[in-house]
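Beneath this line is the structure, given in structure tokens, with notes to follow.
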Amino acid sequence: MVLKSEDVNYLVYRYLKESGFLHSSYIFQFESQIHNNDRELPNVEPGSLIRVLQKGLQYMDVETHLNEDGTARLCTAPFSLVGKHVCSVQATSSDTPGSRRGNKNGGPVALSAQQQQQQQQHQQRIEDGASDKNSSTNHGGHTLVHDSASLTSKDAKKYPKARNAVIQHQAASAEAALVASGATDDDGDQMDVDVPDTEKENLKNAADGSGKSARKLRLVERVQVLRGHTSPVFLCAWAPVSGSSMLATGAGDGTSRIWDLTKPKGDSVQSVVLRHDPLTSDSEARLDVTSIVWNPPGSLLATACFSGQLRVWTAAGEPKYTLRHRPVPVVSMRWNRKGSLLLTACLDGSICLWDIQTGTLRHEYKGHAGSVLDIDWLDNTTFASCAADKSIIVWRDDSTSPVKTFTGHKSDVNAIKWHPGGKFLASASDDGTVKVWSTGSDSPIHNFFGHSQQVYAIKWLPKADKSIIASASFDSTVRIWDVQSSSCLRVLSAHTEAVHCLAFSSDSRYLASGSFDKKVHVWNVKDGSLFKTYNADDGIHDIQWATKGKIAVAVANGHVIVFDPLAS
């Protein structure tokens, strides 16, 4: 057996990428130089690292509880991947002091019926090599739970990150789900979560299937499958023109594609392929498309890839500009409202402002001490950026000096979004919070607590007269917040793994969410009920809702799925 660091690094890279940690995977890939090896990289199955860890954990469990005579020791304590394991045997009411010490004749201990059953189950697990049915993985949310069927509601209260496993394995018990959603009183570094009664009812309905959403659930069956990409599809974007059927996609195969859904050829839809050529002969595997964005009129499409290449194409797929700067991964791009300026955010902490009329670099902004993770325009001249340095900076296009700097998050700020009416700026962070800022205040005007893990995406309800935010978290939930009342309106909890993409319908009636549990859920915004569900064949990287009503889904198996959730 040979254990190579290159193999370990590659599995870690694949885990980060499959789990939706795109920024982290890019940095890890760059620093570990995975694709600079001479050998050809293997095509491993999704979840390989989790399976390796799980099997190793099962072996450790067997090794720890196996006696010299081949019998298994009875142990009711959960076996964890980290921390020291301390065996314990729970005494039952039928146990007496004499029976726990041994009988009066000095014979063996008499086990209760419950203990005998537990010992038989544990021995069977030893003999079977620890059946996969007694383990659960949630690689999208950093959670790996061994023998999660043995988790109790008390365990979930002590370890909030295990609550999804509790809900999954004890769905028949609504009480367990309510306790699992409660706050921890431990001195550890878990987050405190205050769950209102209305949210507990939502979690209860999700656990026992008795809620309104469970009764009305309908599956999406009629879908259009767009095939052509040869690697996971990370991004999709509809042309922002009313009624447009032009869809752009970006994938790990180094290509973007423009699909015209109004011109099917036979049973398939043809696409125009936009290629990012390798800079050198040994960097072909580092062309993952990291960002795609249409200009407001829908006449130009900007694409960027991990190598730092930035290109602008016409809607017909013809190259217009190749914008050259440094070979640094571009992770986010945004056009201003007129479509005259293009912003690009890079992992080296810089932001570039491009003049599309001339195809030249106008300004480079350097104010962050960490990787810039998102950018967003307020109008044609003012924009904001957020980064891994926990800060948010507001800039103007005519100066490279910050207009305002917001600090308050305790970890990486993953996403920012201006309110449709320009009133507020919302931010989502790895610290599990959503904050709302105003340029007239140095501190956040609202702090929304509730998620127990990282918040990866946020979206404003597309109505300028409303102030409603949706947030997606690695705790497998979606929450809807009301800025005016400073309250959580809904907790949408049908997903079982990390949720990292959201999209509102243009009429604000529905909200779609995508997760690595291979599901797209469409929710009714008014009452929080689950309206439709699409079951994909692999994890969901991105979802976008067209103005015409169709949803596009970027899937990890290389397919793009298009469906109309309102169709019967």
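Dipole magnitude of the stretch 412-488 about its Cα centre, charges +1 at Lys/Arg Cβ and -1 at Asp/Glu Cβ only, in debye to the nearest 20? Show your work: numbers first, answer last.
Numbers: 7 positive and 7 negative charges, 70 e Å.
I would put it at about 340 debye.
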Quiz item: Hey, rough spin-label estimate for ASN380 and SER401, points 7 angstrom out along Cα→Cβ, what's it come to in nanometres?
Solution: 2.5 nm
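Dipole of the stretch 353-477, Cα-centred, from +1 at each Lys and Arg C-beta and -1 at each Asp and Glu C-beta, to the nearest 20 debye? Show your work: numbers first, answer last.
On the way: 12 positive and 14 negative charges, 60 e Å.
That gives a dipole near 280 debye.
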Quiz item: What translational diffusion coefficient, in µm²/s and rounded to a whole number, does the Stokes-Einstein relation yield for the stretch 515-568 at 37 °C and a viscosity of 0.692 mPa s, taking the hydrodynamic radius as the Kirkwood radius over Cα pairs?
Solution: 283 µm²/s
Practice problem: Calculate what fraction, in whole %, of the accessible area of the stretch 304-345 sits on carbon and sulfur atoms when a 1.4 Å probe is rolled over the protein chains. | Solution: 49 percent
Exercise. Using only the alpha carbons of the stretch 412-527, determine the length spanned along each of the three principal axes and report them from longest to shortest in whole angstroms.
Key: 42, 31, 19
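Sort ARG227, ARG396, ARG218 by accessible area with a 1.4 Å probe, largest first.
Working: ARG227 155, ARG396 90, ARG218 115 Å².
Heavy-atom accessible area, descending, gives ARG227, ARG218, ARG396.
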Quiz item: What whole-number value in Å² describes the accessible area per residue of the stretch 477-519 for a 1.4 Å probe?
Solution: 29 Å²
Quiz prompt | Label-to-label distance, nm, for residues given as VAL223 and SER88 (7 Å Cα→Cβ offset) | solution = 4.3 nm
Quiz item: Sorted by accessible area with a 1.4 angstrom probe, largest first, how do SER242, SER441 fall?
Solution: SER242, SER441
Quiz item: Looking at the stretch 463-540 from every direction and averaging, what is the projected area of its Cα convex hull in nm²?
Solution: 4.9 nm²
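Of LEU301, LEU11, which has the most accessible area and how do the rest follow, probe 1.4 Å?
On the way: LEU301 0, LEU11 40 Å².
Correct descending sequence by accessible area is LEU11, LEU301.
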Exercise. Among ALA552, LEU566, ALA498, pick out the residue whose Cα is farthest towards the positive end of the charge dipole of the stretch 490-568, where Lys and Arg carry +1 and Asp and Glu carry -1 on C-beta, about the Cα centre.
Key: LEU566
Self-check item: Flagged links, alpha-carbon separation over 26 Å, of LYS366/LYS390; LYS338/LYS423; LYS320/LYS404
Solution: LYS320/LYS404
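Computed from the mean reciprocal separation of all distinct C-alpha pairs, what Kirkwood hydrodynamic radius does the stretch 416-472 have, in Å? List each step's numbers first, then the result.
On the way: mean 1/r = 0.0873 Å⁻¹.
For the stretch 416-472, inverting the mean 1/r across all distinct Cα pairs yields 11.5 Å.
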Practice problem: Over the stretch 410-532, with every protein chain in place, what whole percent of the accessible area is carbon and sulfur at 1.4 Å, could you tell me? | Solution: 45 percent
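Is the stretch 329-370 best put as rounded, prolate or oblate by its Cα gyration tensor, with a ≥ b ≥ c the root eigenvalues, rounded for a/c under 1.5, and otherwise prolate when a/b is larger than b/c, oblate when not? Write out the running numbers ahead of the final one.
On the way: a/c = 2.33, a/b = 1.86, b/c = 1.25.
Note, shape of the stretch 329-370 comes out prolate.
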Exercise. Can you send over the solvent-accessible area of LEU361, 1.4 Å probe, protein chains only, in Å² to the nearest 10?
Key: 70 Å²
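Can you give the extra length, in nm with one decimal, that the chain gains between THR547 and LYS338 once fully stretched, where that is 0.36 nm per residue apart less the Cα-Cα distance? List each step's numbers first, then the result.
Values: separation 209, 0.36 × 209 = 75.24 nm, distance 1.93 nm.
Length gained, THR547 through LYS338: 73.3 nm.
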Practice problem: Please give the length that would be gained between LYS410 and GLU68 if that part of the chain were fully extended, namely 0.36 nm times their separation in residues minus their C-alpha to C-alpha distance (nm, one decimal). | Solution: 118.2 nm
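Output needed for the stretch 304-431: three equivalent-ellipsoid semi-axes, defined as square roots of 5 times the C-alpha gyration tensor eigenvalues, in descending order, whole Å.
Values: eigenvalues 115, 54, 35 Å².
In descending order the semi-axes read 24, 16, 13 Å.
The values are calculated or read from the model by the stated rules, or taken from the named source; none is laboratory data. Owing to the predicted nature of the structure, the values given are computational and were not obtained by experimental measurement. No Cβ is skipped: glycine too gets one built from the backbone with ideal geometry, and neighbour counts run over all protein chains shown. These area figures cover heavy atoms from the full protein model, side chains too; ligands, DNA and RNA do not enter into them. Shrake-Rupley method; radii C 1.70, N 1.55, O 1.52, S 1.80 Å.
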